[in-house]
Amino acid sequence: MATALVVLFLSASFLGVLAAPARGQDGQRAVGPSVLDGVYTSAQARRGQEQFEQHCASCHRRDLSGFSGPPLKGDRFLDQWREFPLAVLFNMMQSQMPLGNPSGLPPSTYLDLAAYILEANGLPPGTQELTSAVVANVLLVGPGGPKPLPTSAPAVIAGCLTKEPGNGWFLTNASEPVRTLNPFEFADTELAAMRETPLGRELFRLQNIEELPGATEAADRLVGRKVLAKGILVRHEKGNRLNVAALNAVGGTCEP
């Protein structure tokens, strides 16, 4: 059990931000199975292309560049979905698409569509078709491999909570940010997985704590302790920050 918990809700403007599970990696870490391992076949992608042109092209264009629906290839698309399990993208497709008929296609068709989208984004084919079991166990990354999360990503970070009088709140000795499914609260499974996250060398300013009623008193009790911080990541040349939505102590004093 965490020794203390404070949940800090941000403005409603963040509620629509895409989120993903806490399973990102930076470019220096080894990762498990990923879409770079060839998780679909070219024949499956061809079937997916046929289905895409029939069910999806009117909203996303035949070249996947986006129209009334968002683009499904390129940097913008990858930055929105990379560094979390492929299952998150697949489940969204299956539950929300096509427009006007969500979940209306056979499960195998959604797998074929996912294969086509992977191919369109330069991710290599393999010798085995994409299956539901594979979708649940591979990480979605770009053609260049895992990268640090981009700005505006919902993220969770482990670090040492520090308060500098007159300068605000910080996470020192912080880990690399990873994706989170829900930036506003902690699931038990997520806490269990993140508790063992080692500290790192990053520094993040924690925004919004001072602006939220009652939050500073609770956070004061966590100073000097290892915590998990959730929120919206902001990359900036003058220093990275996290627009904080939740803090959770994970036990013990903070040691690098």
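For a modelled paramagnetic label at D220, 7 Å from Cα along Cα-to-Cβ, the residues of the range 158-182 in reach, with backbone nitrogen under 18 Å, are 161-170.
For T151, T109, what's the fewest-to-most ordering of other Cβ within 10 Å of each Cβ?
Working: T151 12, T109 18.
With the fewest neighbours first, T151, T109 line up as T151, T109.
In this rough spin-label picture, where each label sits 7 Å from Cα along the Cβ direction, the A192-Q80 distance is 3.3 nm. Counting other Cβ atoms within 10 Å as a rough exposure proxy, the listed residues L199, L206 run L199, L206 from fewest neighbours to most. Each label was represented as a point 7 Å from its Cα along the Cα-to-Cβ direction; for R62 and Q128 these points are 3.5 nm apart.
If Rh is defined by the Kirkwood formula over all Cα pairs and Rg also comes from Cα, what ratio Rg/Rh do you get for the range 35-140? Could the numbers behind the result be given before it?
Numbers: Rg = 12.4 Å, Rh = 13.5 Å.
Over the Cα atoms of the range 35-140, Rg/Rh equals 0.92.
In terms of other Cβ atoms within 10 Å, L86, L36 run from fewest to most in the order L36, L86.
Label points 7 Å out from Cα along the Cβ direction at T151 and A136: separation in nm? Distance between label points: 3.8 nm.
Can you tell me the length gained on complete extension of the stretch E53 to L203, counting 0.36 nm per residue apart and subtracting the Cα distance?
On the way: separation 150, 0.36 × 150 = 54.00 nm, distance 4.60 nm.
In short, 49.4 nm is gained.
Taking 22 Å as the straight-line reach from the Cα of K147, the lysines in range (excluding those fewer than 8 positions away in the same chain) are K73, K230, K238. Give the residues of the range 144-177 whose amide nitrogen is closer than 17 Å to a point set 7 Å from the Cα of E210 in the direction of its Cβ. Counting only backbone N, you get 162-171.
The numbers here are math on the coordinates, done by the rules we state, and not lab data. Just so we're clear, the structure is a prediction, and the values are computed from it rather than from any experiment. So basically every Cβ, Gly included, is an ideal-geometry build from the backbone, and we count neighbours across all protein chains shown.
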